[in-house]
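The values are calculated or read from the model by the stated rules, or taken from the named source; none is laboratory data. This one's a predicted model, so the numbers in the text were calculated from it and none came from an experiment. Here Cβ is always computed from backbone atoms with ideal geometry, including for glycine, and neighbour counts include all displayed protein chains.
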Amino acid sequence: MMKVAMVTIYPSRKAAGEAMGGVAAFAAALAENLAGSLDTQMLILAQKSDGREEESANGVRVRRIWSHGGAFILPVIKEIRRARPDLVHLQHEVFLYGGILSALKFPALLALLRMSGQKTIVTIHGVPDPNDIDKEFTGIGGLHVPSLFVKIVFKGLFRLIARLSRGQIVHDESFRRIMIEGYGAEPSRVTTIPLPYLSDQPSLVPKEEARTALGIGEGPVALLFGYISKYKGVELLIDGFRLFAKTHPDSLLIIAGGLHPRLKEDAEYLSYYNRLKARADEALGKNVIWKGFVPEDEIDLIFSAIDLCVLPYVKMLSFSGPAMLAMARGVPLMVSEAMAPLFSDDCPVFEASPQALSVQLRRFFDEDNDKPANLLVLDEFQPGTIAKRTRDFYEAVLRETTATP
């Protein structure tokens, strides 16, 4: 049996149902499937929840040992030395373990693990293209420093992750290309394993029934879905839809965007979220519903009622969970140029301006076409399938490191 220690944020049984973001849900699904049927002993080294504790569920042992901030390194090292796993699998987003100082200390954790002879793999959930790190990028990220400095720091960070870990997992070929060309990763060490589809099997209802339940009329309906973040271009969508609504007064934009779990107690972020909501109400009036967070049992109803899911993101940082929800249900997508590399040529694309978005919306709703949708083949994205591909990568890394002196 293979012994794997996973370093990640992880859902807590004491806070069941609490929104923690995509990485926590991904880690739980992956760990449970690895432990359930793939001959893998899983130890999770997770964030503290109501103090230091240990949990065991679904064949997974969870040790809650670290707090957000730079001090997360030492407890992790201590537990790994005690457990002596065959492999350490770390989940990574820039601010997953705390602020910028924690982000900069992540390579130090990899270096210490490597010095101790531990084999490591990193799943990199967000891969910014260094060519996209500009003044707009730093503003979106709330980084109050020159963009050149941020680019240098990010290049150093991701280069170190690539060099210090034995393997890296990304979620799309576009991100694999960025790791190789932008950050100098060894092609043989970077593999693409998509995100699993974590929602329930879609169970749609007739559109008319769904709209009646939601109090929606018969006009064009577009949706923005997912946690609100500055890089997602919500302002662009509001302004573009306002222009579209002038010629389509019966249209509706649903903004199903909840507070980001990591930022929900940040005063600056809360102010931004409230300003954005007020801007939507002022600009669109009756043409918008700001629905906020949508619980799992209402997702099918929302997607049954709409005609189109829009991804107006101004930067491509990671794959889109809302896109997977739409594709699983056969709902057409419309995406910004920044997100276009992740989708097929059949997907309508718009430049990052309100005018271009409104033109594409009119084209979509007014022209007589079949409105093709990118479909998600659910069998290929089941958590069990993704876990099997991950387990195969574990074995490949272990074989390679065993053969290499």
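Hey, can you tell me all the residues within the stretch 239-262 that are among the basic types (Lys, Arg) and part of a loop (DSSP other than H, G, I, E, B)? Selection gives ARG262 alone. For the stretch 221-231, does any single residue satisfy the condition of being among the β-branched types (Val, Ile, Thr) and either farther than 21 Å from GLN360 by Cα or part of a loop (DSSP other than H, G, I, E, B) (or both)? Looking for residues that are among the β-branched types (Val, Ile, Thr) and either farther than 21 Å from GLN360 by Cα or part of a loop (DSSP other than H, G, I, E, B) (or both), one finds at least one in the stretch 221-231, hence yes. Do we have LEU236 as at negative phi, buried (at least 17 other Cβ atoms within 10 Å of the Cβ) and in a helix (DSSP H, G or I) here? Answer is yes for this residue. Is it the case that some residue within the stretch 67-74 is surrounded by 20 or more Cβ atoms within 10 Å (Cβ to Cβ), farther than 30 Å from SER320 by Cα, out of contact with any Gly (no Cβ under 6 Å at 6 or more places or on another chain) and assigned by TED's automatic domain parsing to the domain that holds VAL170? Looking for residues that are surrounded by 20 or more Cβ atoms within 10 Å (Cβ to Cβ), farther than 30 Å from SER320 by Cα, out of contact with any Gly (no Cβ under 6 Å at 6 or more places or on another chain) and assigned by TED's automatic domain parsing to the domain that holds VAL170, one finds none in the stretch 67-74, hence no. Scanning the stretch 37-66 for residues that are outside any strand (DSSP E or B) and touching a residue at least 24 places away in the same chain (Cβ under 8 Å) yields SER37, LEU38, ASP39, SER49, ASP50, ASN58, GLY59. Under the condition of being modelled with pLDDT of 90 or more, aliphatic (A, V, I, L, M) and closer than 16 Å to LEU104 by Cβ, the residues counted in the stretch 123-161 number 6. Right, ILE73: among the aliphatic types (A, V, I, L, M) and more than 23 Å from ARG399 (Cα to Cα) or not? Yes: the conditions hold for ILE73. Would the stretch 347-363 turn up any residue that is of a type in the set (S, T, N, Q), under 27 Å from PRO128 (Cβ atoms) and part of a loop (DSSP other than H, G, I, E, B)? Yes, the stretch 347-363 has at least one match.
The sole residue among SER304, SER353 that is over 22 Å from the mean Cα position of the chain (by Cα), farther than 23 Å from GLN201 by Cβ and among the polar types (S, T, N, Q) is SER353. Within the stretch 152-173, being crowded, with 17+ Cβ neighbours inside 10 Å and under 22 Å from ASP392 (Cβ atoms) holds for ILE161, ALA162, SER165, ARG166, GLY167, GLN168, ILE169, VAL170, HIS171, ASP172. Whenever a residue of the stretch 75-88 is on the phi > 0 side of the Ramachandran plot, it has no partner that is surrounded by fewer than 17 Cβ atoms within 10 Å (Cβ to Cβ) and polar (S, T, N, Q) lying with C-beta atoms less than 7 angstrom away and at least six residues away or across chains.
PRO75 fulfils the conditions (1) part of a strand (DSSP E or B); (2) in contact with a Phe, Trp or Tyr (Cβ under 8 Å, 6 or more places away or on another chain) except for a single criterion, (1).
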